[in-house]
Amino acid sequence: MKKIKSIIMATVAACLLFGFSSCGGEKANPAKDFVTLEINGEIFISSYKSNTPTIVIPSKIKGKPVTTISDGAFNEMTFITSVKLPQGIKKLGKSAFNGCKGLVSVSIPEGITEIGDNTFNNCEKLESINIPSTVKTIGMNAFKKCASLKEIVIPEGVEKISEAAFIDCSSLNKLTLPSTLTYTGQKAFYNTSDLDVLMPASASFSLTQMNKNLNIKVVGNYTTEQITQIGKTIKLIQKDVLVSLDMADAIGTGEIEEEAFERTNLIKILLPKGIKKINEEAFYSCKNLKEVTLPDGLVEIGYEAFDNSGITDIIIPESVTTIGDYAFYCCEAITSISIPDSVITMGEYAFNNCLSLSNVTIGKGVSKLAFEVFGACENLTNMVIPANVKVIESSAFGSCINLSDVIIEDGVEVIDESAFGWTALSKITLSASVRKIGEYAFDTKYLETVNYRGSRNQLKYARNAFSTNNINFDYTGE
């Protein structure tokens with residue numbers, strides 16, 4: 001019995017002295033491997049004296065808890081390949097593992113509140129890192145030049161990512177950010193790979209000075225202000241970084257604020273559910289923007305919302321009732337547009353100067369084609385104007401120089417001045433419902449035949465609508 005007690009006591013003493021993990025778990029390095037400092041009853045690891053490449057730091061030394069890895073404790077120890085930190089560690093000091101170029105893996109326990117400046121700087125073989133949820137701050141250059149890191153998950157709880165924290169992580173291609181994040185320093189993720197970013201809409205998001213492309217996916221609930229903040233952040237990213245923004249899984253109510261994403265380097269955006277209005281100049285002059293997905297439930301596309309952007313195609317949801325003035329003005333790459341039946345109002349110049357626009361379908365809710373709405377759409381060759389359209393305002397199709405075939409269905413009442421001026425029309429059929437035709441409405445040298453389904457008397461007032469007297473008028477209403 002005495003012999004058994006002696007063995008137990010010896011084992012306990014060894015656990016206290018050398019810090020065997022859980023007395024029978026993974027064996028920790030002996031205390032003699034470390035240079036330590038005791039402060040207020042806690043042990044600080046100041047340096048490492050062994051040449052063993054795998055390190056398991058004991059939770060206690062001489063019965064006192066190990067709480068801190070001091071500044072520079074393992075600095076430039078290139079032979080180290082793995083480190084396991086014990087429960088109870090509170091802080092990783094500045095440059096604690098700086099320049100450990102052979103370090104492949106690190107196990108960090110819950111409880112640490114700060115990863116200091118340069119802690120893992122230039123750990124070029126470090127392949128992964130677990131950041132505990134207890135961490136509040138990631139210091140400057142904390143993971144600088146960790147060239148083997150491919151994925152980082154910043155957990156809920158982290159509030160600050162300091163300047164250049166992950167700079168030159170050239171293989172980093174996937175990043176998850178938390179809702180608790182309130183500060184991201186300059187060049188925090190500079191010189192990384194093409195980066196997929198997953199973030200909650202509620203995050204205070206800032207990824208400035210990137211030099212690779214970004215694919216950002218936003219999830220969770222949002223407010224209008226938070227969506228605008230994302231737009232402001234994208235404006236800070238330098239112009240040669242192309243950004244894809246997927247907000248399709250974000251949910252809320254609100255609007256895309258004025259100028260929220262104007263002049264940014266977006267190439268693609270999927271807008272979130274709950275958006276009711278896209279305000280003035282929200283995507284103005286987004287030259288690289290090719291693809292836009294509008295959410296169901298959207299009601300209004302505002303003034304100059306996509307003016308001068310690079311979109312090629314867009315699907316307008318059935319919920320939209322208003323397309324504002326200049327909404328798609330000078331979208332020179334857009335090729336087709338289908339106006340759903342829900343749209344009641346299309347503003348002036350809404351699709352003016354869409355030089356590649358060749359296919360247009362007008363829904364059953366539109367009663368007026370506004371001033372210059374499709375003016376100067378040079379690639380437009382044919383049009384069907386449905387019966388629900390009552391008024392075609394001035395220059396609605398003016399300078400559509402290749403427009404050669406137009407069907408105006410029975411129901412149109414007013415065709416204002418220059419509505420089809422400077423087009424390629426050679427023949428036009430007008431229904432008897434047309435009661436007013438403005439001056440120069442068909443001012444085109446190509447027009448040869450007008451088939452009017454009303455009487456000669458009805459059309460006599462419209463002689464100034466045509467640019468030449470050499471036109472054959474066919475009055476089928478007589």
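The values are calculated or read from the model by the stated rules, or taken from the named source; none is laboratory data. Here the structure is a predicted model, which means the values were calculated and not measured. Methodologically, a virtual Cβ is constructed for each residue, glycine included, from the backbone with ideal geometry; neighbour enumeration extends over all protein chains shown. Quick note on the areas: whole protein, heavy atoms, side chains included, nothing else; ligands and nucleic acids left out. Shrake-Rupley method; radii C 1.70, N 1.55, O 1.52, S 1.80 Å.
At-a-glance table
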| quantity | calculated |
| --- | --- |
| Test set (1) under 22 Å from Ile167 (Cβ atoms); (2) modelled with pLDDT under 90; (3) buried (at least 19 other Cβ atoms within 10 Å of the Cβ); (4) not hydroxyl-bearing (Ser, Thr, Tyr) - Val243 fails condition number | (2) |
| Failed item, numbered, when Ile415 is tested on (1) touching a strand residue (DSSP E or B) at 6+ places or on another chain (Cβ under 8 Å); (2) under 23 Å from Ser358 (Cβ atoms); (3) open to solvent by 40 Å² or more (accessible area, probe 1.4 Å); (4) at pLDDT 95 or above | (3) |
| Qualifying residue in the stretch 464-475 (condition: acidic (Asp, Glu) and either within 18 Å of Leu369 (Cα to Cα) or open to solvent by 90 Å² or more (accessible area, probe 1.4 Å) (or both)) | no |
| Residues located in the stretch 186-201, provided they are assigned to a loop (DSSP other than H, G, I, E, B) and either crowded, with 20+ Cβ neighbours inside 10 Å or aromatic (Phe, Trp, Tyr) (or both) | Lys187, Ala188, Phe189, Tyr190, Thr192, Ala201 |
| Boolean, Asn215 is of a type in the set (S, T, N, Q) and buried (at least 16 other Cβ atoms within 10 Å of the Cβ) | yes |
| Scope the stretch 371-405; condition β-branched (Val, Ile, Thr), part of a loop (DSSP other than H, G, I, E, B), touching a strand residue (DSSP E or B) at 6+ places or on another chain (Cβ under 8 Å) and surrounded by fewer than 19 Cβ atoms within 10 Å (Cβ to Cβ); matching residues | Thr381 |
| Condition met for Gly254 (part of a strand (DSSP E or B), in contact with a Phe, Trp or Tyr (Cβ under 9 Å, 6 or more places away or on another chain) and either acidic (Asp, Glu) or open to solvent by less than 50 Å² (accessible area, probe 1.4 Å) (or both)) | yes |
| In the stretch 301-326, the residues that are out of contact with any Leu (no Cβ under 6 Å at 6 or more places or on another chain) and either farther than 17 Å from Lys287 by Cβ or without any contact (Cβ under 8 Å) to a residue 12 or more places away in the chain (or both) | Ile301, Gly302, Tyr303, Ile315, Ile316, Glu318, Thr321, Thr322, Ile323, Gly324, Asp325 |
